[in-house]
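Okay, structure first, notes after.
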Amino acid sequence: MTYAATAALRIRPVMGVQQTFYQRPVNAVPATPFKIACSNCHLGVMCTPVQLSDSEASRLDELVATRRRVRRGAALFVPGETFTSLFAIRSGFFKTYIATEDGREQVTGFQMAGEILGLDGIACGSHSCSAIALEDAEVCVMPYERLDEFSREIPALQKHLQKILSREIVREHGVMMMLGSMRAEERLASFLLDIVQRLHMRGFSSSELVLRMTREEIGSYLGLKLETVSRTFSQLAERGILSVRHRHICIRDASALRAIVVNAAH
């Protein structure tokens, strides 16, 4: 992502916040009182159906009644919390993680603007993971009971929800394949290509990005040690594939980076 795009997103450095210092979420930051309209949102195409009649679009606008601000390092939800809503990320960046038996964090994903959080709570009525803001963020709150009701009345919305759930299944399969069969270099290459592709879909650079997560968090997600992540970044930079300056990454040879991932599949 270019520096101009970075400034537009107000990207801030992320310190290594430990689990014991995460704030309890949401209630500390009141929802905004103004009316939200999905039909007028610049991210609407990312998280809502595009083919809706005027009346259906109006009904969808009724669904998202509030936005919620989540400060950097705060939790949007935590394990065991009663599931009531899905959250569409309007701005900012999140990580989801589960706590292992020995108290370590296992990062399960990184989510950005236009993506949905909270799907883990549908199955049993409570959240099974934590969602932590990696920078100051804002989410649109979608009460699940109303969403479920609307989806039965609006076929396009129901189909859209099914696509979202399907994407999650495909993503999990991809992560399982990555952790089960790829070397460190291949995992990091796959991770960077995924992040930059998702950002590019939102109108940002296809070759530059600023990582919101730490090297340690990347390692947790990829099943690698911190030292391995740092060493792999350095190796890719030495080969001229990447330019690395702290959290600013420039992909200088996208074909070579893709070839690393393609070769892993053979």
| said: Please list log₁₀ I(q)/I(0) at q = 0.11, 0.14, 0.20 Å⁻¹ for segment 61-157, using the Debye equation with identical point scatterers on the alpha-carbon positions. | reply: -0.32, -0.52, -0.99
| field | Dipole-positive endmost among VAL261, SER206, ALA184 within segment 182-264 (Cβ charges, Cα centre) | value | SER206
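Please arrange PHE233, PHE110 by counting, for each residue, the other beta carbons lying within 10 Å of its beta carbon, fewest first.
Working: PHE233 18, PHE110 21.
Taking fewest neighbouring Cβ atoms as first place, the list is PHE233, PHE110.
Mind checking the dipole of segment 164-266: about its Cα centre, +1 per Lys or Arg Cβ, -1 per Asp or Glu Cβ, Debye to the nearest 20? List each step's numbers first, then the result.
Values: 15 positive and 11 negative charges, 37 e Å.
It comes to approximately 180 debye.
Averaged across orientations, what area in nm² does the convex hull of the alpha carbons in segment 154-228 project? Write out the running numbers ahead of the final one.
Details: hull surface 24.5 nm².
The Cα convex hull of segment 154-228, projected and averaged over all directions, gives 6.1 nm².
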| said: Give me, ordered by chain and number, the residues 5 or more places off GLU81 or on other chains with an amide H under 5 Å from its own placed amide H. | reply: HIS127
| All-pairs Cα distance distribution in segment 182-264, expressed in whole percent, bin size 5 Å | 3, 16, 27, 30, 19, 5, 0
| request: Among CYS47, CYS140, CYS124, rank each residue by its count of other Cβ atoms within 10 Å, from fewest to most, as a rough exposure measure. | output: CYS124, CYS47, CYS140
| request: On a C-alpha basis, how far is the centre of segment 191-219 from the centre of segment 139-171 in Å? Whole number, if you could? | output: 26 Å
| query | In terms of modelled amide H atoms, which long-range or inter-chain residues lie less than 5 Å from the amide H of ARG72? | reply | ASP136, ALA137
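Plugging the Kirkwood radius over Cα pairs into Stokes-Einstein for segment 99-229, at a temperature of 37 °C and a viscosity of 0.692 mPa s, what D comes out in µm²/s?
On the way: Rh = 16.9 Å.
In µm²/s, the coefficient is 195.
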| Global form of segment 93-150, assessed from the alpha-carbon gyration tensor, a/c cut-off 1.5 | oblate
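Read-outs throughout are calculated quantities, based only on the coordinates presented, and are distinct from any laboratory measurement. Since this is a predicted model, take the numbers as computed values, not measurements. In this analysis, Cβ positions are derived from the backbone assuming ideal geometry, glycine residues included, and neighbour counts consider all displayed protein chains.
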